[in-house]
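The values are calculated or read from the model by the stated rules, or taken from the named source; none is laboratory data. Model, not experiment: these values are computed from the prediction. FYI the Cβ positions are ideal-geometry reconstructions off the backbone, even for glycines, and counts take in every protein chain you see.
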Amino acid sequence: MTAAVRKAARTLQRDYGELANLQVSQKAPGDYVTIADQKVDKILREELAKVRPGYAFLTEETGVVAGTDPDHRFIIDPIDGTMNFMHAVPFFAITVALERKGELVAALTYNPITDEMYSAEKGGGAFLNNKRIRVAQRRDIHDTLVSYEVPHRGGKDLPLSRAEISVLQARVVGIRGTGSAALSLAYVAAGRFDAMVCRNIKPWDMAAGILLVREAGGFVADPDGEKNPMETGNILATNADLLPHFKDALSKAREQ
Ligand code: IPD
């Protein structure tokens, strides 16, 4: 997986800052697909199929690609944070997860501009450029820095309700809208953000990040209950001590 991601990353390193030719289409107003998204998607599928023939794919740009192996599936966002990439804001990532029998077993999230490779294998811990990482150990919600996502223009579904944002704002130190859910989750794994909370994102935005956070000793939950964030699209990632406090804050917001 690492070789495929590094090969695909070279095209982003080349195209980064070359804004003129990048926009190819809009999936929805403000939701862009660039040539770079498509190139990275193709390289990843080709390279991964060479080393793992028969595995299925779920990617942001291609959707479902059936495989002959019923047990394995790669989940890919070729550029998570396309808008940041288009504006030469160096906060975006290639993000790839591997599922075995529906369980996340390997993850890579790579920022090709800062050259930060976040990796995890189930049961093996989480790493940033091969150094072990762990989630932050803060226990008091009042000390925390939290990431969430702001929708693109035209996005109908708010990532967080206004009530949720205002309750969080009253409790935490800072909230950051980053533009890359995958990289925000990697930052939670690395102990940079204390938590990440977001609604209405896709499996490819979160798959690798979920394993990274878990393997860094953190917890990932649906903010509203016991469901699987990969199915609901709603995610809260943080450490064990903070989890109930964030859940409480979000449930207070729902009562408003
Ligand atoms: C986007 C990012 C962003 C999230 C959007 C996604 P993309 O992915 O994950 O953080 O708020 O909902 O669409 O489109 O840049 O791959």
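Please state which of the following conditions E164 fails to meet, knowing it meets all the rest: (1) under 12 Å from the mean Cα position of the chain (by Cα); (2) among the acidic types (D, E); (3) over 28 Å from L58 (Cα atoms).
In the conditions (1) under 12 Å from the mean Cα position of the chain (by Cα); (2) among the acidic types (D, E); (3) over 28 Å from L58 (Cα atoms), E164 misses (1) alone.
Considering only region 190-218, how many residues are more than 16 Å from the ligand (Cβ to nearest atom) and aliphatic (A, V, I, L, M)?
Total satisfying the criteria: 3.
Quick check on this structure: which one of V96, V51, V89, V40 is closer than 20 Å to A207 by Cβ, more than 16 Å from the chain's Cα centre (by Cα), touching a residue at least 40 places away in the same chain (Cβ under 8 Å) and within 16 Å of the ligand (Cβ to nearest atom)?
V40
Whether any residue in region 77-84 is within 14 Å of the ligand (Cβ to nearest atom), out of contact with any Leu (no Cβ under 8 Å at 6 or more places or on another chain), hydroxyl-bearing (S, T, Y) and in the same structural domain as T11 (by TED's automatic domain parsing) is what I want to check.
Checking region 77-84: at least one residue is within 14 Å of the ligand (Cβ to nearest atom), out of contact with any Leu (no Cβ under 8 Å at 6 or more places or on another chain), hydroxyl-bearing (S, T, Y) and in the same structural domain as T11 (by TED's automatic domain parsing).
What single numbered condition from (1) surrounded by 15 or more Cβ atoms within 10 Å (Cβ to Cβ); (2) under 16 Å from M206 (Cβ atoms); (3) not acidic (D, E) fails to hold for G102?
Single failed check for G102: (1).
Please tell me if I43 is in contact with a Ser or Thr (Cβ under 9 Å, 6 or more places away or on another chain) and buried (at least 20 other Cβ atoms within 10 Å of the Cβ).
For I43, the condition - in contact with a Ser or Thr (Cβ under 9 Å, 6 or more places away or on another chain) and buried (at least 20 other Cβ atoms within 10 Å of the Cβ) - is not met.
Within region 111-137, restricting attention to residues that are buried (at least 16 other Cβ atoms within 10 Å of the Cβ) and more than 15 Å from V213 (Cα to Cα), which residue is farthest from the chain's Cα centre (by Cα)?
Per the stated criteria, the residue is I113.
Report those strands (runs of 3 or more DSSP E) wholly inside region 138-249 carrying at least 3 residues which are buried (at least 24 other Cβ atoms within 10 Å of the Cβ), assigned by TED's automatic domain parsing to the domain that holds D37 and not acidic (D, E).
Of the strands (runs of 3 or more DSSP E) lying wholly inside region 138-249, none has at least 3 residues that are buried (at least 24 other Cβ atoms within 10 Å of the Cβ), assigned by TED's automatic domain parsing to the domain that holds D37 and not acidic (D, E).
What single numbered condition from (1) over 26 Å from R100 (Cα atoms); (2) in a helix (DSSP H, G or I); (3) not aliphatic (A, V, I, L, M) fails to hold for K27?
If we test K27 against (1) over 26 Å from R100 (Cα atoms); (2) in a helix (DSSP H, G or I); (3) not aliphatic (A, V, I, L, M), just (2) comes out false.
Any residue at all in region 5-25 that is in contact with a strand residue (DSSP E or B) (Cβ under 9 Å, 6 or more places away or on another chain), more than 21 Å from P90 (Cβ to Cβ) and modelled with pLDDT under 85?
Looking for residues that are in contact with a strand residue (DSSP E or B) (Cβ under 9 Å, 6 or more places away or on another chain), more than 21 Å from P90 (Cβ to Cβ) and modelled with pLDDT under 85, one finds at least one in region 5-25, hence yes.
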